[in-house]
């Protein structure tokens, strides 16, 4: 495990370590609170047992949740909390999430809710979870009106990014993670594509750790982590989640560039750089889904959690990203036209 990199999320007394590397899962036991006697593992049927850490000396129960966004629901949270209660979990015990971003979101919210909050440790087995969902304490589930509209901020006790698991991911799951990874190029304006892949994963975790430390509750710069997500979430909702999250983000990043250009914030060369990263560095040439109207997209983008009383986006500029509100509908439509024309 010489290649394991440890990144600290610095939150004072609630600081925790993110271990990134091959075989990092063996460090999970060291992240469990010493006083915990029971471990509730939340995972999915498709996650290989090899990635579930061993917790000697503790009673371990395994709780399987369903696959797909339909199971990322309040009903799943209720079921998990009932199962925790039947297993006798107390406030001093711990939940361990083993899986991708959906698992860490759901298990984290269940842990935040049960007994008004018990510790949670994440063992991330997908790229999306490693660089996004598992780190930072945002948990949540969907309701019919929108994605991740119900949830809580609940920082984990520790996070494992098990790089061995990436070799087992279906191609589409890996592409989803790459869609999220692409956004980091524009958050920090670094040549991340020059880093070896394992180091790039660790650097993305480090970037997120820095942002979370500066803005834990998403009152300012943390919104930058949602770059490309406003259109992405609308695409997911409009297609009933037939498009995967990372695929939608890769399109949303390109759309954000077109919108920034339409508003005179960046030039065409900067738009081209977005396409270079998304299309060439990560080979994410995802087409726009069919059957979603412009009117539906605008309506759903207006429900985005960044929006208060107007259309709000994270947009690029010559000086970096900004949260921009009060965006005019004609610019939104113009950027959508440009995106459609460019994607073909």
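The values are calculated or read from the model by the stated rules, or taken from the named source; none is laboratory data. For clarity, every value in this text was computed on a predicted model and none was experimentally measured. Positions of Cβ are generated from backbone atoms using ideal geometry, with glycine treated the same way; all protein chains shown enter the neighbour counts.
Cβ-Cβ distance below 8 Å, separation of 6 or more or different chains: which pairs start in the range 8-26 with a residue that is without any contact (Cβ under 8 Å) to a residue 24 or more places away in the chain and end on one that is buried (at least 21 other Cβ atoms within 10 Å of the Cβ) and part of a strand (DSSP E or B)?
That search, which allows pairs on different chains as well, returns 15/9.
Do we find that residue 57 is surrounded by fewer than 18 Cβ atoms within 10 Å (Cβ to Cβ), part of a loop (DSSP other than H, G, I, E, B), free of Cβ contacts under 8 Å to residues at least 60 places away in the same chain and within 22 Å of the chain's Cα centre (by Cα) in this structure? Break it down stepwise before answering.
Numbers: surrounded by fewer than 18 Cβ atoms within 10 Å (Cβ to Cβ): yes; part of a loop (DSSP other than H, G, I, E, B): yes; free of Cβ contacts under 8 Å to residues at least 60 places away in the same chain: yes; within 22 Å of the chain's Cα centre (by Cα): no.
Answer is no for this residue.
Quick check: is even one residue across the range 267-282 free of Cβ contacts under 8 Å to residues at least 24 places away in the same chain, within 19 Å of residue 141 (Cβ to Cβ) and surrounded by fewer than 15 Cβ atoms within 10 Å (Cβ to Cβ)? Talk me through it step by step, then tell me what you get.
So in the range 267-282, the residues free of Cβ contacts under 8 Å to residues at least 24 places away in the same chain come out as 267-269, 271-273, 276, 279-280.
Keeping just the survivors that are within 19 Å of residue 141 (Cβ to Cβ) gives none.
Scanning the range 267-282, I find no residue that is free of Cβ contacts under 8 Å to residues at least 24 places away in the same chain, within 19 Å of residue 141 (Cβ to Cβ) and surrounded by fewer than 15 Cβ atoms within 10 Å (Cβ to Cβ), so the answer is no.
Out of 13, 34, I need the residue that is out of contact with any helix residue (DSSP H, G or I) (no Cβ under 9 Å at 6 or more places or on another chain), part of a helix (DSSP H, G or I) and assigned by TED's automatic domain parsing to the domain that holds residue 119. Which one? Step through it out loud before you land on a result.
Working: 34 fails: part of a helix (DSSP H, G or I).
Just one listed residue meets the conditions, 13.
Of the residues 209, 213, which single one is surrounded by fewer than 19 Cβ atoms within 10 Å (Cβ to Cβ), in contact with a strand residue (DSSP E or B) (Cβ under 8 Å, 6 or more places away or on another chain), assigned to a helix (DSSP H, G or I) and not assigned by TED's automatic domain parsing to the domain that holds residue 50?
213
Residues are listed down the side, and each one gets a yes or a no for (1) modelled with pLDDT under 95; (2) under 24 Å from residue 92 (Cβ atoms); (3) not in a helix (DSSP H, G or I):
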| site | (1), (2), (3) |
| --- | --- |
| 115 | no, yes, no |
| 118 | no, yes, yes |
| 122 | no, yes, yes |
| 132 | yes, no, no |
| 147 | yes, no, yes |
| 151 | no, yes, yes |
| 156 | no, yes, yes |
| 160 | no, yes, yes |
| 167 | yes, no, no |
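Only one residue in 252, 206, 228 is on the phi > 0 side of the Ramachandran plot, modelled with pLDDT of 95 or more and within 16 Å of the chain's Cα centre (by Cα). Which one? Break it down stepwise before answering.
Values: 252 fails: on the phi > 0 side of the Ramachandran plot; 206 fails: on the phi > 0 side of the Ramachandran plot.
Only one candidate qualifies: 228.
Can you pull out the residues in the range 37-54 that are within 22 Å of the chain's Cα centre (by Cα) and either part of a loop (DSSP other than H, G, I, E, B) or not assigned by TED's automatic domain parsing to the domain that holds residue 68 (or both)?
45, 46, 47, 48, 52
Give the number of residues within the range 161-206 that are closer than 16 Å to residue 123 by Cα and either touching a residue at least 24 places away in the same chain (Cβ under 8 Å) or touching a strand residue (DSSP E or B) at 6+ places or on another chain (Cβ under 6 Å) (or both).
Total satisfying the criteria: 12.
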